[in-house]
Ligand code: HEM
């Protein structure tokens, strides 16, 4: 009988690349972005606002995780200067870390995260109180500014759609070159690599704290950011 529980004697273990919290946050994006578009197109405003706040909370968590998470989640590991990006584009593999985002992928990550964070933030102020629904922070801005913000919120959606298109094209490009980026983002690990140990564990309290802080911020904003004293 083939016992899959037996240790794989003599074989190096797979290399752990992405932690579970980062992966959960990542896969929430392809669920939330189309759902946010659909709810806006179909006037399901209560749901649109709730999902927008969930997206905001997840993005805030991802920002905190960029400082407190394991190596591959950390901005310090993958946000590199132009010299490293150019070296990577010239084919220098050593320009980036052995696992995680390449110097170019790091910047695409920052652009995607920033665009989604801006979009969720604009939504907080968007809308017209005399005509339809408003975001929870709409009363903090005047009608003219809210109008401009609403326009920006609508336009930015299409910018994000374009960025996601580019993101998927890049994943396909690497897949065609034989570099499978998708499996590690699903299962967390990739086949063994000589001399590479993979990400280490992070205390679970850190994840809990980051989730708590992100959730509290999203809730506070949902209630119109009342004074804390
Ligand atoms: C709305 C849709 C999507 C958005 C906004 C999005 C955004 C992102 C972001 C921000 C990252 C960086 C991960 C991090 O460090 O937190 C990332 C990585 C990644 N995404 Fe997506 N993603 C989307 C859809 C997809 C889909 C549909 C796939 C697969 C077909 C995919 C595959 C990947 C992979 C493989 C990586 C890792 C890239 C690397 O190794 O550098 N993404 N994505």
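The values are calculated or read from the model by the stated rules, or taken from the named source; none is laboratory data. Keep in mind the model is a prediction, meaning the values are calculated, not measured. Using ideal geometry, Cβ is built from the backbone for each residue, glycine included, and neighbour counts are taken over all protein chains shown.
Here 155, 109, 133 are screened, and the one residue that is free of Cβ contacts under 8 Å to residues at least 40 places away in the same chain and more than 11 Å from the ligand (Cβ to nearest atom) is 155.
So, of the residues in the range 92-108 that are surrounded by fewer than 19 Cβ atoms within 10 Å (Cβ to Cβ) and closer than 30 Å to residue 221 by Cα, which turns out to be farthest from the chain's Cα centre (by Cα)? Among those residues, the one meeting the criterion is 107.
The residues of the range 55-69 that are without any contact (Cβ under 8 Å) to a residue 12 or more places away in the chain and within 12 Å of the ligand (Cβ to nearest atom) amount to a single one, 66.
The conditions of being over 20 Å from the mean Cα position of the chain (by Cα), within 16 Å of the ligand (Cβ to nearest atom) and not in a loop (DSSP other than H, G, I, E, B) are not met by residue 214. Among the residues of the range 43-50, none qualifies, meaning not one is within 15 Å of the ligand (Cβ to nearest atom), closer than 30 Å to residue 138 by Cβ, surrounded by fewer than 16 Cβ atoms within 10 Å (Cβ to Cβ) and at pLDDT 95 or above.
So, of the residues in the range 162-210 that are more than 15 Å from the ligand (Cβ to nearest atom) and in a helix (DSSP H, G or I), which turns out to be surrounded by the most Cβ atoms within 10 Å (Cβ to Cβ)? It comes out as 206. Residues in the range 217-229 that are surrounded by fewer than 13 Cβ atoms within 10 Å (Cβ to Cβ) and part of a helix (DSSP H, G or I): 219 alone.
Of the residues making up the range 70-91, those that are away from the ligand (no atom under 14 Å from the Cβ) and either at pLDDT below 95 or surrounded by fewer than 12 Cβ atoms within 10 Å (Cβ to Cβ) (or both) number 5.
As a summary of the residue check, residue 140 satisfies the conditions (1) more than 10 Å from the ligand (Cβ to nearest atom); (2) over 22 Å from residue 33 (Cβ atoms); (3) touching a residue at least 24 places away in the same chain (Cβ under 8 Å); (4) surrounded by 16 or more Cβ atoms within 10 Å (Cβ to Cβ) except for the one numbered (4). Scoring residue 12 on the criteria (1) over 23 Å from residue 159 (Cα atoms); (2) more than 13 Å from the ligand (Cβ to nearest atom); (3) in a helix (DSSP H, G or I) leaves a single failure, condition (3). When residues of the range 99-140 are filtered for being out of contact with any strand residue (DSSP E or B) (no Cβ under 8 Å at 6 or more places or on another chain) and at pLDDT below 95, how many remain? Total meeting the criteria: 4.
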